[in-house]
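Chemist: Got a structure here, written out as structure tokens. Questions coming.
The values are calculated or read from the model by the stated rules, or taken from the named source; none is laboratory data. This is a predicted model, so every value here is computed, not measured. With ideal geometry, Cβ positions are generated from the backbone for all residues, glycine too; neighbour counts draw on all protein chains shown. Note: areas computed on protein heavy atoms with side chains; ligands, DNA, RNA excluded. Shrake-Rupley method; radii C 1.70, N 1.55, O 1.52, S 1.80 Å.
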Amino acid sequence: MEEFLKRADNTTDLTREDKELLLSEVEEILLQKGDILIREGRTDRSLYLISEGILRGYKELEDREVTIWFAVPGEALFSSWGYVEDRPSRIHIVASSECRVYRLRKESVNKLMEHSAMLSIWITRLFEQLLLHTDNALIDIFSSDATERYLAFTRKMPDLLQKVTLREIAGYLGVTPQSLSRIRAQIVKKREAD
């Protein structure tokens, strides 16, 4: 939780009372690789702050999993369907590694926002970052070919290459694992030729 408080100090003027209230409202959750945080078809009305590890949102299709996004330490995530509309999630959110996350139930988020203007600003900025992250991912996925998407992925999230499976990355890029292997081989071959 410390990294969120440090970042809050850089962007807002949270008082000691604000921080104490925030800490009293969060619940720490430890996840093992493969643990499901939010299951498709279930309603979840919480906001999660990632302290350690990598989580991914994915959709199960007929013959494969399509990874929609990855979330890393310092980021927040939630099921928009549950949080906003009190409806079941349309995706699974699963730990791609061991994780430490902090849960803020929606009622707690509302309480924090009502308590202090600075907490309200901090929480608003968390949601703004989520929106920006989503928009950037959508633009990357739909505006380039698979090789460009892979290169953009490696620039934005280089640490993930060693921490998540190629199958998960392939699902995120919208290609098969075999196609991803070919793309990676072509990139290496081109770099060696240059």
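Chemist: At 1.4 Å probe size, with the rest of the protein present, what percent of the exposed accessible area of the chain is carbon and sulfur atoms?
Modeler: On the way: 5460 of 11030 Å².
In the chain, the share of accessible area belonging to carbon and sulfur is 49 percent.
Chemist: Could you give the size of the charge dipole of the chain about its Cα centre, using +1 on the Cβ of each K and R and -1 on the Cβ of each D and E, expressed in debye and rounded to the nearest 20? Numbers along the way, then the final one.
Modeler: Details: 29 positive and 33 negative charges, 136 e Å.
With Lys and Arg at +1 and Asp and Glu at -1, about 660 debye.
Chemist: Of all the stretches in the chain, which is the longest one without any exposed loop site, taking GluC sites (Glu not before Pro) in a DSSP loop (any state but H, G, I, E, B) with at most 15 other Cβ atoms within 10 Å? Each step should come with its number before you reach the end.
Modeler: Values: sites that count: GLU62, GLU98.
Looking at the chain, 99-194 is the longest stretch - no exposed GluC sites (Glu not before Pro) with at most 15 other Cβ atoms within 10 Å.
Chemist: Expected output is a single nm value to one decimal: the length gained when fully extending between MET1 and THR165, i.e. 0.36 nm times separation in residues minus the C-alpha distance. What is it? Please report the intermediate quantities before stating the final value.
Modeler: Values: separation 164, 0.36 × 164 = 59.04 nm, distance 2.70 nm.
Gain on extension, MET1 to THR165, equals 56.3 nm.
Chemist: A follow-up question, please. Given 0.36 nm per residue, what is the gain on full extension from ASP145 to ARG87 after removing their alpha carbon distance, in nm? Walk me through the intermediate numbers first.
Modeler: Numbers: separation 58, 0.36 × 58 = 20.88 nm, distance 3.41 nm.
Length gained between ASP145 and ARG87: 17.5 nm.
Chemist: Same structure, new question: For LYS156, what accessible surface area do you get with a 1.4 Å probe? Give it in Å², rounded to 10.
Modeler: 110 Å²
Chemist: Taking the chain as the reference, fit the longest principal axis to its C-alpha atoms, fit the long axis of helix 106-115 to the helix C-alpha atoms, and give the angle between the two in degrees, 0 to 90, nearest 10.
Modeler: With rounding to tens, the tilt is 50 degrees.
Chemist: Considering the chain as a Gaussian network with a 10 Å cut-off on Cα pairs, which listed residue, LEU61, LEU160, LEU130, attains the greatest mean-square fluctuation?
Modeler: It is LEU61.
Chemist: Taking the alpha-carbon centroid of each part, what is the distance from the stretch 30-65 to the stretch 72-149 in angstrom?
Modeler: After rounding, the separation between the Cα centres reads 12 Å.
Chemist: Can you count the Lys pairs in the chain with C-alpha separation below 26 Å, eight or more apart or on different chains?
Modeler: Eligible lysine pairs with Cα atoms under 26 Å apart amount to 18.
Chemist: Tell me the angle of helix 146-156 to the major Cα principal axis of the chain, expressed in degrees between 0 and 90 and rounded to the nearest ten.
Modeler: So the helix axis and the longest Cα principal axis differ by about 40 degrees.
Chemist: Could you derive backbone 3J(HN,Hα) for the stretch 184-194 from the dihedral phi with the Karplus parameters 6.51, -1.76 and 1.60 (θ = phi - 60°), listing whole Hz in sequence and x where the residue is Gly or Pro?
Modeler: 4, 5, 5, 5, 4, 4, 5, 5, 5, 6, 7
Chemist: Okay, moving on. Less than 10 Å Cβ to Cβ from TYR58, Lys/Arg counted +1 and Asp/Glu -1: what total charge do the surrounding residues give?
Modeler: On the way: positive: ARG56, LYS59, ARG64; negative: GLU40, GLU60, GLU65, GLU168.
Summing Lys and Arg as +1 and Asp and Glu as -1 gives -1.
Chemist: Follow-up. Pairing the Cα long axis of helix 2-11 with the longest principal axis of the chain, what angle in degrees results, from 0 to 90 and rounded to the nearest 10?
Modeler: With rounding to tens, the tilt is 80 degrees.
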